[in-house]
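What follows is a set of notes on a single structure, which appears directly below.
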Amino acid sequence: MTLQSEVRDSGPLRTIILSTGALMLVIAVVASPKEAFDASIQGLDIWWKIIFPAMLPFLMLSQMLTAFGFTHAIGALLGPLMQRWFRLPGNAGLAIAVGMCGGFPAGADAVSRLFQDRQITAKQAVVLAAASHFANPMMIILVVGAAFLHQPAAGYFLLVVHWISGWIAAILATRLLPAPGNRTNRVGSTALQADNSSLDSQPTSPASCTSRSSAPHHATSKRRSIWSDMMIAAREAHSRDGRGFGKLLGDTVSQAVQTLMMTGGYMIGFAVFIRLVSLYLTPGSSAALWPAFFELHLGTYHLSQTSLTPMLLMSLLAAVLGWGGLCSHLQVSVVLKTTGPGTKSMLYFAGVRLTHGLIAFFISLFLWMPFSRYKAQKSGPHYRRMQSRTFQHHSVGYSYIVQVTHTRSTPFGVSSLLHVWVLRYFLQS
């Protein structure tokens, strides 16, 4: 879909609504410059101090894993499950693996490449874009768990709930929600005829028949084990990449920084928009309401600052992670517009995201109490032993200092400084 056709299909009403909304936003910023500036600084502060240092190393490593063929091997492992559970071709396992390992921007890019290579149909691309939409795992563990909640174990709990609920939502969507799609789709200048009567239909183009992925290997060699298919897929992906380690390292750094810069721009822009919406449209509403709806990072941050019970807090965080935020939906909308009608595709995508959030909420609500009891049982005795050893260690050290300062000819100033230092060290630890 070209830019001209997209503009022609948008309609005058949509153009008027978008232009009027942009004008009202500019007027709101001019009318409330201090609030807009404070919101921008807050978004920049969260991104620069938490998101950027936590996500940069993992984004580099995840791109290296993709270049070395790790995600392609996982895609070969998920190939049989794609056909049985999701009613998708085996090639779709690559997009699911990339989405689970790298987050929703990487998953959407994988879906776009599969569709442009004519390995999946338009209807399958819409379903796959919704099924591969996962939050970045290191964002959940490091940012939400360690930085926002100060509980790394909570990050692992949210990650498991996020993955399980995402798979359940995708399976339900393929069976209950009808996916939109065109019968004729164009990739560049070549028309691709696709039978969209069911999700089991396969593209009949020559490119899909000669694709060098794990699915052809699995189809042509029945006796070969799944581990052999994984190794073959990894080797072929690594050979196709062909970059040396130095070149790969430089490319991963530049791509990771570019991705984080885009994330920071989204965060700052939506932080200003959320503050103005809360100020003019819903004054007095909860500080976490609009951030949770619009932007994933801001929503989880504001939720972590609330005084909710742990069970309700974890359930709401799981729901927000499943929903993903309207900001992430807009990033995926570019992929969905190339596969069919934009409005229908986005409604389907939003329906799957809403289902993911609801399932994650109830799973977290059901599993948090057993998880918290198990964590308390595992960490309780060890924590008490460590505390007792620390107390004995500090008590012995403090008694020694007192004995030294009172039995020897220690100046009064040095004695006072030693007492203050030991007390500060004991209280801080």
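The values are calculated or read from the model by the stated rules, or taken from the named source; none is laboratory data. Since the structure is predicted, the reported quantities are computational estimates derived from the model, not experimental observations. We place every Cβ from the backbone using ideal geometry, glycine too, and count neighbours over all the protein chains shown. The protein model used for the area step is the full one, side chains on, heavy atoms only, and it has no ligands, DNA or RNA in it. Shrake-Rupley method; radii C 1.70, N 1.55, O 1.52, S 1.80 Å.
Post the alpha-carbon centroid distance, region 238-257 to region 130-178, in whole angstrom.
Value for the Cα centre distance between the two parts: 28 Å.
Keeping every protein chain in place, order V26, V161 by accessible area at 1.4 Å, biggest value first, i.e. largest first.
Highest to lowest solvent-accessible surface, that is V26, V161.
Counting only heavy atoms of protein chains, what accessible area per residue, in Å², does region 47-91 have with a probe of 1.4 Å?
Details: 2000 Å² over 45 residues.
Heavy-atom accessible area per residue stands at 45 Å².
Summing Lys, Arg as +1 and Asp, Glu as -1, what charge do residues with Cβ under 15 Å from the Cβ of R275 carry, R275 excluded?
Local net charge: -3.
Taking the Cα centre of region 222-320 as the origin, how large is its charge dipole in debye, to the nearest 20, when only Lys and Arg (+1) and Asp and Glu (-1) carry charge on their Cβ atoms?
Dipole of region 222-320, to the nearest 20 debye: 480 debye.
For every other residue with a beta carbon closer than 14 angstrom to the beta carbon of A95, add +1 if it is Lys or Arg and -1 if Asp or Glu, then tell me the sum.
Local net charge: -1.
How big is the gap, in Å, between the Cα center of region 61-92 and the Cα center of region 357-381?
First find each Cα centre; the distance between them is then 30 Å.
Taking the Cβ of L367 as the center, what net charge do the other residues with Cβ under 14 Å away carry, scoring Lys and Arg +1 and Asp and Glu -1? Intermediate results must be reported in sequence, preceding the final value.
Working: positive: R373, K375; negative: none.
So the surrounding residues net to +2.
Tell me the carbon and sulfur percent of the accessible area for region 11-98, rounded to whole percent, probe radius 1.4 Å.
Numbers: 3530 of 4570 Å².
Roughly 77 percent of what the probe reaches on region 11-98 is carbon or sulfur.
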